[in-house]
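Heads up: the structure comes next, in C-alpha cells.
The values are calculated or read from the model by the stated rules, or taken from the named source; none is laboratory data. Everything numeric here is computed off the predicted structure, so don't read it as measured data. Here the Cβ positions follow ideal geometry from the backbone for every residue, glycine too, while neighbour counts run over all protein chains shown.
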Amino acid sequence: MKSLIQKLTETFSPSGYESAIRDVVRAEVEPLADEVRVDALGNLIVRKGNGSGQGRRIMLAGHMDEIGLIASHVDENGFVRFTTIGGIRPQVLHGARVVFVNGARGVIGGERYENWNQMHPYDKMFIDVGAASAKDCPVRVGDVAAFERAFLDMGDKLVAKSMDDRIGVAVMVETLRQLKSTPHEVYFVFTTQEEVTLGGAATAAFGVDPEIGVSVDVTATGDTPKGEKMEVSLGKGPAVKIKDGGMLADPRIVDWMIRSAESAKIPYQREVLLGGTTDAKAMQVARAGVPAGCLSIPCRYIHSPSEMVEYNDVQNAVKLLVAMLSAPVSLD
Amino acid sequence: MPNTPKIGNTQLKLLEKLCNAVAVSGDEGEVRQIVLEELRPLADEIKVDALGNVLVTKNGGGANRLRVMLDAHIDEVGFMLVDDEKDGIFRFETVGSLDVRQLVGKQVLVGREHLPGVIGAKPIHLTTADERKKSIPLDSLRIDVGPGGGKVKVGDRAAFATRFRRVGPSIFAKAIDDRIGVATLIELVKNAPANVDVLAAFTVQEEVGLRGAKVAAHAFDPDLAIAIDSTPANDLPMHDGSENISYNTKLDHGPAIYVADAGTLGDPRLIRFLAETGDLNGIKYQFRQPGGGGTDAGAIHKARAGVPSVSVSVPGRYAHTAAGLSRLDDWKATLSLLHAALTRMTPELLAGERR
Ligand SMILES: [Zn+2]
Ligand SMILES: [Zn+2]
C-alpha cells in the first residue's frame with residue numbers, strides 16, 4: 001500500500017484540476033469495480049455491489065484535490081504573482097517549490113522585509129520560474145501549481161504533500177480491493193474541489209442520492225510540542241468523527257463505526273475537531289438530507305508540504321471500512 | 001464572424017433604461033418588467049419564478065442541441081431604511097457590499113416612487129480636523145428625504161440617483177453591475193443561434209448571496225452555464241510609477257474570462273473554448289486575475305449533480321459606487337464573444353471529461 005500512497009501523493013492535482021490524479025485512481029479501481037463514471041464536475045464515481053436485500057446505498061467520499069496556487073500576474077521581469085487555491089498559510093510558502101499543471105517549475109520568494117516579525121501576505125511573494133521577462137515566462141495568468149515534495153517513508157510514519165486527502169483516497173482504493181463481498185450498493189466517490197467549496201461532494205451526493213454518507217479524510221492531532229489541545233494522536237487508530245467545524249456527525253453513523261471497530265478489535269479514537277470540515281458536511285444536506293459521518297486519518301502538519309500520518313492508522317482505517325461495509329447496517 | 005448582433009442606438013437606449021431603473025436586491029420589479037417587455041414576444045417560454053427570477057427559454061432547431069444556461073443578475077446594491085427619526089430623516093443599512101467611506105454626499109432615489117433623498121453628514125464648517133481624518137461609520141450616516149416625504153417608510157429601499165450618460169467611448173452609470181450583463185443577455189436571446197437551446201436566467205438577489213441563481217439553475221437543469229456580469233477594472237497607474245500587479249481587469253482589453261474566483265473554479269473546457277472562440281474570430285479578450293469576488297456561477301455549478309460553468313464579465317471601473325465607468329467597445333466585444341461561442345457550441349464540447 002505504501003507504493004500506492006507514494007504514487008498518489010506525488011501526483012499534482014490542485015482543486016478544479018483533478019484530471020491527473022483521476023487518471024491514476026481510475027487505473028487502480030477500474031479492475032475492481034462494477035461501474036465507473038465521471039460526472040460534470042469531474043468526480044470519479046465507482047460502484048461496487050448491487051444492494052440486494054437489506055443492503056443500503058452508501059456513499060464514501062475521499063477528495064482527490066489538493067491545495068495549490070494560481071498565477072494572477074506575470075510582471076515585466078517574468079516573476080509570477082499568485083493567489084491561493086484552498087487554505088494555505090503564508091509561513092509554509094517561503095522557499096517552497098511548486099510545479100505547474102503545464103509542467104513548469106518554480107520556487108517561492110518574497111519582497112524585501114521591512115519587518116522580520118511580520119509575515120508577508122501572498123501579495124508580497126512571487127514565484128520565480130527562472131524567466132527573465134514576461135515574454136519568455138512559461139506561465140500565464142490562470143495557470144495552476146501545486147507543492148513539489150517527494151514522498152518520505154520513515155517506517156511507521158509516512159510524510160508527503162497532499163496526504164490531505166490522498167491518504168483517504170488510498171484508504172478507499174485499498175478498501176475496494178479488500179472488500180470481498182458487500183450486501184450494499186457502495187459508491188466510492190473520489191471527489192473534486194473539497195479544498196475550496198466542497199462542490200464535488202455536494203453535486204456527487206445529488207447524483208448518487210445515497211442513504212448513508214461517509215467521508216474519509218484527515219484530521220488534526222494534539223500530539224506535538226505545545227500543539228493544539230486535541231485528543232487525537234498518531235498511532236492510536238483511525239478517528240471516528242463526532243463533530244467538526246462544519247458538521248455534527250449523525251450519532252447512528254458514529255455508533256455504526258464504533259460497533260464495527262469494537263467487534264473486529266480495531267483500535268479507534270473519538271474525534272472532536274473544532275475547526276475545519278470535510279465532504280460529509282455537503283453530503284449531509286444533499287437533496288432531502290443524508291445521515292452522514294466521517295472516518296478520519298490522524299495527520300500532523302496539515303496543509304503544509306510535509307503532512308505526516310502513521311501507517312498503522314492507515315491500515316486500521318482500511319480494516320474498519322471493510323468491516324463496516326461487509327455486514328448489513330441498521331441505523332435504528 | 002457569424003452575423004454578430006449589433007450594438008446601436010436601440011441597444012444603448014435599452015442599457016440606459018436598465019441602468020436608470022431601480023432594483024435593489026429583493027425588490028427587482030422594475031428591471032424584471034423591462035426584461036419581460038423586451039423578451040415576451042420572442043420567447044418560447046417565459047416565466048417569473050417564486051423568487052422573482054425571469055426564466056426565458058428560446059429553443060433552437062435540429063438534433064443534438066446543448067441546453068445552455070446564460071445568467072445575468074437584475075438586482076443592484078443599495079440601501080434599506082431601517083429607522084424613522086422623524087422630519088424625513090432615516091437611519092439605513094446597506095444592501096449588498098458597499099464601501100461606507102464613499103457614501104456620504106450621494107443623492108439617492110427612495111422607494112418605488114423614486115423620491116429624492118441625500119446621504120447627509122456634518123458639513124466641513126462644523127467638523128474638526130481630527131474628525132475629517134476618519135471615515136464616517138454607517139451608524140452616523142442618514143438618508144434625508146426632507147419633511148413632507150410622508151410616503152417614505154421604514155423598509156423602503158434606496159439606490160444611487162446617478163443618471164446614465166454616454167461620453168465618447170465610455171458610459172457612466174450606476175448599476176452597470178449587472179445591467180450591462182442584462183442588456184447583453186437580452187441581445188443574446190434576441191439573436192439566439194439555432195444550434196443550442198438558450199435558457200436565459202435574469203436572476204434576483206445576486207448581491208446578497210447568489211440566491212436567485214441557485215433556484216434558477218435547479219429549475220433549468222442545464223448542460224452548461226455562463227454567468228455574464230460586470231467586474232472591477234482597477235487599472236489606473238500606481239502613484240509611485242511601479243507596475244500595477246493587482247488590476248483585476250483592464251478597460252479596453254475586451255471581455256474578462258474567469259479562471260478562478262472566490263466561489264468558482266471555472267470549467268477548463270469552457271475557459272479554453274471561449275479563448276479559442278476569441279482567437280478564431282479576432283475578438284479581444286482578457287483573463288480576469290484569479291482571486292476573490294464571484295458571480296452567479298458560484299451557485300450554478302453546484303446545482304443538482306453539477307453544471308460545468310464559467311463567467312464572463314464586462315470590465316468596469318468604480319464598481320459598487322454611485323458611478324461606474326465602462327467602455328462601449330468592451331461591451332460590444334463581450335456580446336460578440338458570447339454570440340460567437342454559442343454559435344459554435346456542439347455536444348462535442350462536453351464529450352470529454354473535465355480536464
Ligand atoms: Zn481534506
Ligand atoms: Zn454583479
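Quick notes on this one:
- Single residue of B:Phe160, B:Phe164 found to be surrounded by 12 or more Cβ atoms within 10 Å (Cβ to Cβ) and away from ligand 2 (no atom under 16 Å from the Cβ): B:Phe164
- Each residue in the range B:114-137 was checked for being under 19 Å from B:Gly88 (Cβ atoms) and surrounded by 10 or more Cβ atoms within 10 Å (Cβ to Cβ), and 9 of them qualify.
- Residue within the range A:148-170 that is surrounded by 24 or more Cβ atoms within 10 Å (Cβ to Cβ), within 14 Å of chain B (Cβ to nearest Cβ) and within 16 Å of ligand 1 (Cβ to nearest atom) present: no
- Check on B:Asp235, in a strand (DSSP E or B) and of a type in the set (Asp, Glu): no
- Qualifying residue in the range B:269-280 (condition: in a strand (DSSP E or B) and surrounded by 23 or more Cβ atoms within 10 Å (Cβ to Cβ)): no
- 2 or more residues closer than 17 Å to B:Met80 by Cα: qualifying strands (runs of 3 or more DSSP E) within the range B:99-180: B:107-110, B:115-120, B:142-144, B:157-160
Conditions tested, residue by residue: (1) within 14 Å of chain A (Cβ to nearest Cβ); (2) under 20 Å from the mean Cα position of the chain (by Cα); (3) over 12 Å from B:Leu224 (Cα atoms); (4) part of a helix (DSSP H, G or I).
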residue	(1), (2), (3), (4)
B:Gly306	yes, no, no, no
B:Val310	yes, yes, no, no
B:Gly316	no, yes, yes, no
B:Asp329	no, yes, yes, yes
B:Ser336	no, yes, yes, yes
B:Ala340	no, no, yes, yes
B:Glu348	no, no, yes, yes
B:Arg355	yes, no, yes, no
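- For the range B:184-197, the count of residues that are in a helix (DSSP H, G or I) and within 12 Å of ligand 2 (Cβ to nearest atom) is zero.
- The lone exception for A:Arg81 - which of (1) at pLDDT below 95; (2) touching a His at 6+ places or on another chain (Cβ under 6 Å); (3) farther than 30 Å from A:His184 by Cβ it fails: (1)
- From the list A:Thr219, A:Thr182, A:Thr192, A:Thr175, the lone residue that is touching a Leu at 6+ places or on another chain (Cβ under 8 Å), within 13 Å of ligand 1 (Cβ to nearest atom) and more than 14 Å from chain B (Cβ to nearest Cβ) is A:Thr219.
- Considering residues of the range B:256-271 that are at the interface with chain A (Cβ under 8 Å from one of its Cβ atoms) and of a type in the set (A, V, I, L, M) only, the residue farthest from B:Ala297 (Cα to Cα): B:Ile271
- For the range B:201-255, filtered to residues that are within 11 Å of another protein chain (Cβ to nearest Cβ) and either within 21 Å of A:Asp75 (Cα to Cα) or within 16 Å of ligand 1 (Cβ to nearest atom) (or both), the residue that is surrounded by the most Cβ atoms within 10 Å (Cβ to Cβ) is B:Thr249.
- Residue in the range B:139-146 that is of a type in the set (A, V, I, L, M, F, W, C), touching a residue at least 40 places away in the same chain (Cβ under 8 Å), within 14 Å of chain A (Cβ to nearest Cβ) and more than 16 Å from ligand 2 (Cβ to nearest atom) present: no
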